[in-house]
Amino acid sequence: MKIRRKTLFWKLYPSFLNISFISLLAIVMIALWSFKSFYYQERAADLEIRAKILMPEFARLIKAQKHQEIQQRSQVLGDVSSTRITIILPSGNVVGDNKKAPKTMDNHKSRPEIEQATFKGKGLSIRYGQTLSIDSMYFAMPIFEQNKIIGIIRTSTPLGTLQNALWSIYYKVSLGFFILIIITAFASWWMSKALVRPLEVIKVQAQKLAQGDFSSRVQLNSSDSLESEQLGQAFNEIAIQLNQRIEIILNQRNEQEAVFSSMVEGVIAVDSCEKVLRLNQAAYNILKITEENIEGIKFQEAIENIELHNLILFALQQDSPTKQEIVIHNDIEQVLLAQSAPLLDMHKNKCGTLVVFNDITKLKEFELQRKEFVANVSHELRTPLTAIQGLSETLMEFPDLVQEKRANFIGVIHTHSIRLESIIENLLTLSKIEKETEIDEIEFANESIDLALSNAIFLCKDKALKRSIGIRLNSAEDITFKHNSSLIEQAIINLLNNAIKYSDGHSEIKITVIKQENNINISIADQGNGIPKEHLSRLFERFYRVDKARSRKLGGTGLGLSIVKHIALAHNGTISVESEINKGSVFTLTLPFEKCV
Ligand code: ADP
């Protein structure tokens, strides 16, 4: 059960009230008691004086044994002095009393004041008087005759009047007491409030601070105590310091956040319990994580990838930075270059790991392509070079070779040198297009496509005619758009050359130009042998040939379609192929109107 705590006010106020009440009550009690005892003492002294004044007369009468006269004098003197006077013989018999006939009174020897007077010289008692049946104060003292007690004189007064006087005082004092209590209650209330007020103000401020409001300050009154003012000032100082520090932290955090989210590298921070601490956008993108806000979740629950999990586990075990390449299977195969470093807490203890990774899949592909390309180039160049070298060495070694053989060798050397030249030329064209595309140096002009088409047809016509192949152009309208005419001409020449090369004679090549909403389609359809389906996807790779021997025989380099592809890319366009064995192939160059800026 939750204990409901009291507020400071309700702790202070009742305490003040209790202390004030108890103190006041004690003061009043002591005062009343002192007053009462003083009053009683005064009365006792008064009774003693009266007894002493009366004593000589009654001593004389007792000595003379004039009991009758004793009674008369008691009455007279008692009434005059408003005092009850009782004269008692040592035997205890009463011989004089102004309030009751002595004969009717019992023996007084055992009365406390009489006993005290007999044995101690004087006696005082406050008690209920049986004779008059009222509370009275009695004073008694012995009457001596030659050191012998001959009687006892007792003066007494009823307590009624005394008590009435006391009750009136009690009443006034009680009234004063209650008025004082009410005043004290108000004063305690005010004091408690005054003491609690600065704390209340500081409490409200602390709550605002806790809610993130660092702008408001503690405002105290001039009437508040010095300590409260100092506390308020110290509190304001804390708020200012906190505000400044939080601003610095926020700025640093924002800077870090900006760096973190603008990084192209993926970053994952994981704690020692494998919970994800941070993950940047690049990491989400690279790892193709669809779930949002996976921070705080265990890594293997958030990202179900065994290779990544192993990487994180490995990184968590390391005490120094590591670097490794891993292959992950995330729908597709990805190669990541991951670098990890231990995360340290403020005491320099390892509390997790930070893994930074790059997706180097493309880089790896490029590297592979580059390796393949270098291997292909060396292979392609080596073949004609070896032939040229071998044949020229034979010619030099055997100068007497028959003319016919010599001519044959020279012819072959010439063919290979032309082939070498074509390969080098094509490679240079390819690298030029690639480089110019990369640095945006290709010039585009608003020209009619007819120019490129007619030039290409003109240049290929003879070759086609030689093989009885007709070239037909289907172009409904004159289409003008931004393009590089000589590059497009080159692409069409390459496509036409292939169509001629890989067609049997007596056929037709159809060039169709279609204008679409956003692009132009130029398709070159031949009636040649066609290309098997399995080769279609790789057809535009450098040096890729369906039939190497045939291509070489026909003077092909394996670079023609690759050049077409790069020309299309330079125009932000595409090249595609459809083919059917023994029916022919259709190559379509699609060039957008807009993109060629
Ligand atoms: P090549 O110089 O060998 O012709 P290309 O890059 O121009 O190189 O063509 C690549 C390969 O594609 C060719 O070797 C050939 O096998 C095939 N090819 C290209 N065009 C055609 C076509 N119109 N008909 C059939 N096969 C073709």
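Here are the numbers for this structure:
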item: Selected residue [out of contact with any strand residue (DSSP E or B) (no Cβ under 7 Å at 6 or more places or on another chain), surrounded by 16 or more Cβ atoms within 10 Å (Cβ to Cβ) and either modelled with pLDDT of 95 or more or closer than 20 Å to Ser562 by Cα (or both)] from Glu372, Glu380, Glu421; result: Glu380
item: Matching residues in region 1-41 - criterion: being open to solvent by 100 Å² or more (accessible area, probe 1.4 Å) and either part of a helix (DSSP H, G or I) or within 25 Å of Ser125 (Cβ to Cβ) (or both); result: Trp10, Lys11, Ile19, Ile22, Ile27, Met29, Ile30, Trp33, Phe38, Gln41
item: Region 543-554 residues that are not assigned by TED's automatic domain parsing to the domain that holds Leu420, paired with ones that are more than 7 Å from the ligand (Cβ to nearest atom) and in a loop (DSSP other than H, G, I, E, B) (beta carbon under 6 Å, 6 or more apart); result: Tyr544/Arg538
item: Output for region 553-597, where each listed residue is more than 11 Å from the ligand (Cβ to nearest atom), small (Gly, Ala, Ser) and surrounded by fewer than 22 Cβ atoms within 10 Å (Cβ to Cβ); result: Ala568, Ser576
item: Residues of region 396-418 classified as open to solvent by less than 80 Å² (accessible area, probe 1.4 Å) and within 21 Å of Leu381 (Cβ to Cβ), total; result: 7
item: Residue satisfying all of: in region 323-345; surrounded by 13 or more Cβ atoms within 10 Å (Cβ to Cβ), over 12 Å from Ile360 (Cβ atoms) and in contact (Cβ under 8 Å) with a residue 40 or more places away in the chain; farthest from the chain's Cα centre (by Cα) among these; result: Asn330
item: Failed item, numbered, when Ile114 is tested on (1) assigned to a helix (DSSP H, G or I); (2) more than 60 Å from the chain's Cα centre (by Cα); (3) without any contact (Cβ under 8 Å) to a residue 12 or more places away in the chain; result: (3)
item: Odd one out for Ile511, checked against (1) within 27 Å of Thr437 (Cβ to Cβ); (2) within 10 Å of the ligand (Cβ to nearest atom); result: (2)
item: Selection count where residues are near the ligand (Cβ under 8 Å from one of its atoms) and either of a type in the set (A, V, I, L, M, F, W, C) or not assigned by TED's automatic domain parsing to the domain that holds Glu508 (or both), scope region 526-542; result: 3
item: Asp504 modelled with pLDDT under 90, within 12 Å of the ligand (Cβ to nearest atom) and part of a loop (DSSP other than H, G, I, E, B); result: yes
item: Neighbours by Cβ (under 6 Å, 6+ apart or cross-chain): first from region 516-532, over 19 Å from Ile488 (Cα atoms) and aliphatic (A, V, I, L, M); second in a strand (DSSP E or B) and within 10 Å of the ligand (Cβ to nearest atom); result: Ile531/Ser579; Ile531/Ser585
item: Qualifying positions in region 243-274 - in a strand (DSSP E or B) and either aromatic (Phe, Trp, Tyr) or in contact with a Phe, Trp or Tyr (Cβ under 7 Å, 6 or more places away or on another chain) (or both); result: Gly266, Val267, Val270
item: Pair list, Cβ < 9 Å and 6+ apart or interchain, from region 121-150 residues that are at positive phi to residues that are crowded, with 19+ Cβ neighbours inside 10 Å; result: Gly121/Met141; Gly121/Pro142
item: Criterion violated by Leu363 - all others in (1) of a type outside the set (Gly, Ala, Ser); (2) open to solvent by 60 Å² or more (accessible area, probe 1.4 Å); (3) out of contact with any Lys or Arg (no Cβ under 9 Å at 6 or more places or on another chain); (4) over 30 Å from Arg542 (Cβ atoms) satisfied; result: (4)
item: Arg111 being closer than 20 Å to Glu42 by Cα and in contact with a Phe, Trp or Tyr (Cβ under 8 Å, 6 or more places away or on another chain); result: no
item: Odd one out for Phe178, checked against (1) over 30 Å from Ala282 (Cα atoms); (2) under 21 Å from the mean Cα position of the chain (by Cα); (3) modelled with pLDDT of 90 or more; result: (2)
item: Pairs with Cβ under 8 Å, 6+ apart, first in region 279-299 and small (Gly, Ala, Ser), second open to solvent by less than 10 Å² (accessible area, probe 1.4 Å); result: Ala282/Gly266; Ala282/Val267; Ala283/Gly266; Ala283/Val267; Ala283/Ile268; Ala283/Phe357; Gly296/Val276
item: Residue match in region 473-496 (condition: open to solvent by 70 Å² or more (accessible area, probe 1.4 Å), within 13 Å of the ligand (Cβ to nearest atom) and part of a loop (DSSP other than H, G, I, E, B)); result: no
item: Residues being among the aromatic types (Phe, Trp, Tyr) and open to solvent by 50 Å² or more (accessible area, probe 1.4 Å) - total across region 177-218; result: 4
item: Residue that is modelled with the lowest pLDDT, among those in region 219-242 that are of a type in the set (Ser, Thr, Tyr) and either surrounded by 12 or more Cβ atoms within 10 Å (Cβ to Cβ) or assigned to a helix (DSSP H, G or I) (or both); result: Ser225
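For every residue, the table says whether it meets (1) assigned to a helix (DSSP H, G or I); (2) within 26 Å of Gln146 (Cβ to Cβ).
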| position | (1), (2) |
| --- | --- |
| Ala44 | yes, no |
| Leu54 | yes, yes |
| Glu57 | yes, yes |
| Arg60 | yes, yes |
| Gln65 | no, yes |
| Glu69 | yes, yes |
| Ile87 | no, yes |
| Lys99 | no, no |
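The values are calculated or read from the model by the stated rules, or taken from the named source; none is laboratory data. Just so you know, these numbers come straight off a predicted model, no measurement behind them. With ideal geometry, Cβ positions are generated from the backbone for all residues, glycine too; neighbour counts draw on all protein chains shown. Heavy atoms of the whole protein, side chains included, go into the accessibility calculation; ligands, DNA and RNA do not. Shrake-Rupley method; radii C 1.70, N 1.55, O 1.52, S 1.80 Å.
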